[in-house]
Each structure stands twice: as structure tokens, then as C-alpha cells.
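Novice: First the structure, which I've put down as C-alpha cells, then a few questions once you've had a look.
The values are calculated or read from the model by the stated rules, or taken from the named source; none is laboratory data. Just so it is clear, the structure is predicted and the values come from calculations on it, not from any experiment. Cβ: placed from backbone, ideal geometry, glycine included. Neighbour counts: every protein chain shown.
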Amino acid sequence: MNNENFFLKENKRMVKIAIKEIIYIESFKDYMCFHFADREIKTRLPLWFVEEKLSNAPFLRIHKSFIISIPHIDSFSSTFVEVQGKRIPIGRTYKKEINEFLMQHLLEIS
């Protein structure tokens, strides 16, 4: 994988995706759903593997089932992050760390 793109298996074919176009990733056991502005790609991968592959990209795990793209954050509260109109819950085990990160890093950017 390079810094900009990688391939995902979708319906028995490999599809190139741009990392910057991923809005968020949702996990369903061994399946992942990559959400983009105009489509979704479902593939069979464990979340830990995807998290490892995106470790150098601007992504943040906020729940046991969700990884979000930091540049796509529209708003946040102490219990959820909103990306592209979708409210994604912040898990209890991630809450303190995520809220500190969001307050520190997003306020610096603004």
C-alpha cells in the first residue's frame, strides 16, 4: 500500500480506492464497509488489519466498530462524531482519549 491508494476486494474483483475519499469505516465482525461520499464497498477484512494499514493516514478509531477520517469531521460532542451527516458514536473505552484529541487537534486547525 502506498500513501494515497490501496486495493479492496469487492465482488470477486480488486477495486482501487483513494484513502482521502474514505469518510468512515464500519466493522461487522470480519466484514468491513468503507463509506465514501457516493458509494460503499463491503469487503471481508478484520478491523485491526485496516487500522494497521491506515496507521500513517489521518484516521481515528472512535468505537470498537468505527474508524473515521479526521478531515471529514463536520462536528462532534462528548458522545458522537458527525461525518457527512452521519452521527457515529464514541465508544466508552475511547471517550476520554478521543475527546481530548478532538479538542486539542481540531481547535488548532480552525
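Novice: Residues of segment 23-69 being of a type in the set (V, I, T), farther than 21 Å from R92 by Cβ and in contact with a Leu (Cβ under 8 Å, 6 or more places away or on another chain), which ones?
Specialist: Correct list: I41, T43.
Novice: Still on this model: So for segment 39-52 (the condition being touching a Cys at 6+ places or on another chain (Cβ under 8 Å), closer than 26 Å to L8 by Cα and surrounded by fewer than 13 Cβ atoms within 10 Å (Cβ to Cβ)), does at least one residue qualify?
Specialist: Among the residues of segment 39-52, at least one is touching a Cys at 6+ places or on another chain (Cβ under 8 Å), closer than 26 Å to L8 by Cα and surrounded by fewer than 13 Cβ atoms within 10 Å (Cβ to Cβ), which makes the answer yes.
Novice: Could you list, in sequence order, the residues of segment 41-93 that are acidic (D, E) and either modelled with pLDDT of 90 or more or within 11 Å of the chain's Cα centre (by Cα) (or both)?
Specialist: Matches in segment 41-93: E51, D74, E82.
Novice: Across segment 19-36, which residue is surrounded by the fewest Cβ atoms within 10 Å (Cβ to Cβ) among those that are hydrophobic (A, V, I, L, M, F, W, C) and out of contact with any helix residue (DSSP H, G or I) (no Cβ under 7 Å at 6 or more places or on another chain)?
Specialist: It comes out as F28.
Novice: Shifting gears a bit: Give me a count of the residues in segment 87-101 that are of a type in the set (V, I, T) and exposed (fewer than 14 other Cβ atoms within 10 Å of the Cβ).
Specialist: The total comes to 1.
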